[in-house]
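The values are calculated or read from the model by the stated rules, or taken from the named source; none is laboratory data. As the structure is a computational prediction, the values presented were derived from the model and not from experiment. Counting neighbours? That spans all protein chains shown, and the Cβs are built from the backbone with ideal geometry, glycine included.
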Amino acid sequence: MPLSQSRRQFLQLSAAVAAGACGPLSFGNPIRREAHDACAVGLLAAQTHVPDLTRAVVAAGARVAAVGGTFDELADVAIDALAIGSGLAAPEDAARKALERGLHVFAADPLGRSVTEWRTLTELARHRGVVLRTDSLSPDAPSVRQIASLIDDAELGALREIVCWTSRSASDDSERDFRSRGGRVLNVPLLVLGSRQPRSVYGAGSATAAEFPQSMAVRYEFPGTSEETPFFVTWYDGEWAPPYESIDDYPLPSSGALYLGETGQLLDDPVTGARVLFRNGAPSQALPSLASAPHSALPRWLAACADLSPNSLKLDPAERANAAVLAGLASYRAQHSLEWDALALCARNCPEADALIDVPRRA
C-alpha cells in the first residue's frame with residue numbers, strides 16, 4: 001500500500017533498531033528455530049512507543065519484522081506474533097484480528113472494554129492454540145515474591161486488608177486510562193493472595209452526570225482464613241486517592257498499595273519500586289527497590305509462545321487484575337453490589353450487571 005513519508009520513516013526507525021533475519025512459520029504452531037534464528041514479531045504502536053517496544057522484543061531474543069499503526073497494515077507481512085504498544089484507540093480489535101489469524105498476541109495495556117469482550121479474546125486464543133498476554137507481573141516476579149515472603153513469614157502479623165490507590169493526571173480521563181491504572185495497581189496484591197478469588201465486588205463513584213466519574217472506589221471481598229473473617233482489597237482512584245495523607249507521618253505516594261497487618265504495615269510504591277515496612281507506629285525498614293522495567297512480561301510471553309504446552313496456553317494468573325477492574329466498573333454502572341463468580345466471570349445476583357458485562361463498551 002502507498003506509504004507517506006512519515007510512515008516510511010516510521011518503518012525505517014524500527015528496522016534500524018531491530019536486527020537479524022527470520023523465515024515465516026505456520027501460524028499457531030510452536031516457535032522452534034535454530035539458535036541463529038529469531039521469532040518474527042509485528043509491532044502495532046504509536047511512533048513514540050516504537051523504540052522501547054522494539055528494544056524489549058530484541059532483548060528477548062526475537063526480531064521486529066514490521067511496524068504499523070493498524071493491524072491491516074501488517075496483513076501481508078509474514079509474522080509469528082503481534083506486540084501491541086500503549087495508547088492505541090482500540091487494541092482489542094487488533095488483538096481479535098491477530099488471534100483469528102493464528103498469531104500470538106502481547107498487549108502493553110489491559111484488553112477488554114467489558115468482561116464479555118475480555119473473555120471472548122481469551123477463549124479465542126485458547127481455541128486457536130496461541131498465547132495471549134498483557135504487560136503484567138507474574139507470580140514469580142521478584143517484587144511479588146518479596147511481598148509474599150513478608151506475609152508468609154508473618155512480618156506483618158495476620159493480614160487484614162490491602163488498600164490500593166491511583167491518581168489521575170489531567171489527561172487521564174478516559175475509561176481506558178482507568179482500566180490501565182487499575183490493572184497495574186491491583187496486579188501485585190491479587191497475585192500475593194494466590195488462588196483466592198473475590199466473592200463480592202462493589203464499585204461506587206462521585207456524583208456526576210457522566211458515565212465515568214472523576215473519583216471512584218471498588219471494594220473486593222475475599223474469603224478469609226475462616227468464614228467469619230472475610231478479607232478485603234479496596235482500590236481508590238482519582239480525587240479519592242490517596243485515601244490517607246500519611247501513615248505514621250510518612251507521606252504516601254500518588255499511587256501505591258498499603259498492606260495492613262495486625263502488627264505491621266507495608267507500603268508499596270509501584271512506580272519507584274520502593275517498599276517501606278512499618279512497625280510500632282514508625283517506619284522500621286526500607287526494603288530493596290524492585291521496580292519493574294517496561295514490558296517486563298514480554299520475555300515470558302515469547303517463552304510461552306515457544307513452549308505451547310497446556311500450561312503455557314492457560315490464562316496467565318496476572319490477568320486476574322483486568323477482570324477485577326471490569327467487575328468493579330460493572331458494579332458501579334449497575335449501582336449494585338455483585339456476588340461475583342470469578343471463574344465464570346459473571347454476577348450471580350444482578351441481571352442489570354450481567355447486561356453490562358455482556359455488552360462491549362467503547363473506550
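Can you spot a residue in the stretch 143-151 that is at pLDDT below 85 and within 20 Å of Pro243 (Cα to Cα)? Among the residues of the stretch 143-151, not one is at pLDDT below 85 and within 20 Å of Pro243 (Cα to Cα), which makes the answer no. Quick check on the stretch 241-278: of everything there that is assigned to a loop (DSSP other than H, G, I, E, B) and buried (at least 19 other Cβ atoms within 10 Å of the Cβ), which residue is nearest to the chain's Cα centre (by Cα)? Filtering the stretch 241-278 for residues that are assigned to a loop (DSSP other than H, G, I, E, B) and buried (at least 19 other Cβ atoms within 10 Å of the Cβ), the one nearest to the chain's Cα centre (by Cα) comes out as Pro270. Quick check on Ile162: is it more than 25 Å from Ile84 (Cα to Cα), outside any strand (DSSP E or B) and in contact with a helix residue (DSSP H, G or I) (Cβ under 8 Å, 6 or more places away or on another chain)? Judged against the criteria, Ile162 is not a match.
Scoring Ala286 on the criteria (1) part of a strand (DSSP E or B); (2) surrounded by 16 or more Cβ atoms within 10 Å (Cβ to Cβ) leaves a single failure, condition (2). Here the stretch 231-269 is the region considered, the condition is being in contact with a Gly (Cβ under 7 Å, 6 or more places away or on another chain) and free of Cβ contacts under 8 Å to residues at least 24 places away in the same chain, and the residue that is nearest to Ser174 (Cα to Cα) is Asp269. Here the stretch 119-138 is the region considered, the condition is being touching a strand residue (DSSP E or B) at 6+ places or on another chain (Cβ under 6 Å), of a type in the set (A, V, I, L, M) and in contact (Cβ under 8 Å) with a residue 60 or more places away in the chain, and the residue that is surrounded by the most Cβ atoms within 10 Å (Cβ to Cβ) is Val131.
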